[in-house]
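What follows is calculated from the coordinates using simple rules that are stated; it is not laboratory data. As the structure is a prediction and not an experimental result, all values here were calculated from the model. Glycine also receives a Cβ, built like all others from the backbone with ideal geometry; neighbour counts cover every protein chain displayed.
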Amino acid sequence: MTMRPTRKIIAEFLAVFLIGALAGGLLTYCYTDRQISSFMSRTSEPESQIAARISKRYADQYHLTPDELNRIQPLINEMAQSLYKVRHQFGVDILSTLDGYHQEIATQLNPDHRDAYLKAMAERKKKLTPLLLPDQGSPTQGQK
């Protein structure tokens, strides 16, 4: 019986790990992409839809009676309003952070690169703004 060359064994060993890493990366990408899309689609929900989704989940998960659900509904509405505010503030904070760093980076570039960079960042902001701030309204519009 002849032995395989060492280089061939090492190449096969690396190929197995590379294929595993690619498969794992693909699965991770598919899973996280779906999670991010789900989260971002929920950021556009108004407070009333958030409250309805929470109420339904509580009723289904904990088998609440209609009376119990009615008693906790004011708290659910308050929770939905707080979640809405936090999500809105998240979008505002992300956009302002990006704007600040993009301006700082632009000051370090030469004029030709700066113009191209600022133009690209403006396009990126146009795409991000509807995702992060879909309502463009006040988060306190449903407040008492």
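If R0 equals 41 Å, the separation of the Cβ atoms of Tyr117 and Tyr58 corresponds to a calculated FRET efficiency of about 0.30. With a cut-off of 12 Å between beta carbons, the residues surrounding Leu14 carry a summed charge of +1, where Lys and Arg count +1 and Asp and Glu -1.
To the nearest 0.05, what FRET efficiency results for Leu109 and Leu131 with a Förster distance of 35 Å applied to their C-beta separation? Once the sixth-power term is evaluated, E becomes 0.85. What's the FRET efficiency of Ile72 with Leu95 using the Cβ-Cβ distance as r and R₀ = 41 Å, to the nearest 0.05? About 0.75, to the nearest 0.05. A simple spin-label model places pseudo-atoms 7 Å from Cα toward Cβ; at Val86 and Thr28 they are separated by 2.7 nm. Only aspartates and glutamates eight or more places from Lys85 in sequence, or on another chain, were considered; those with a Cα closer than 17 Å are Glu45, Glu47, Asp93, Asp135.
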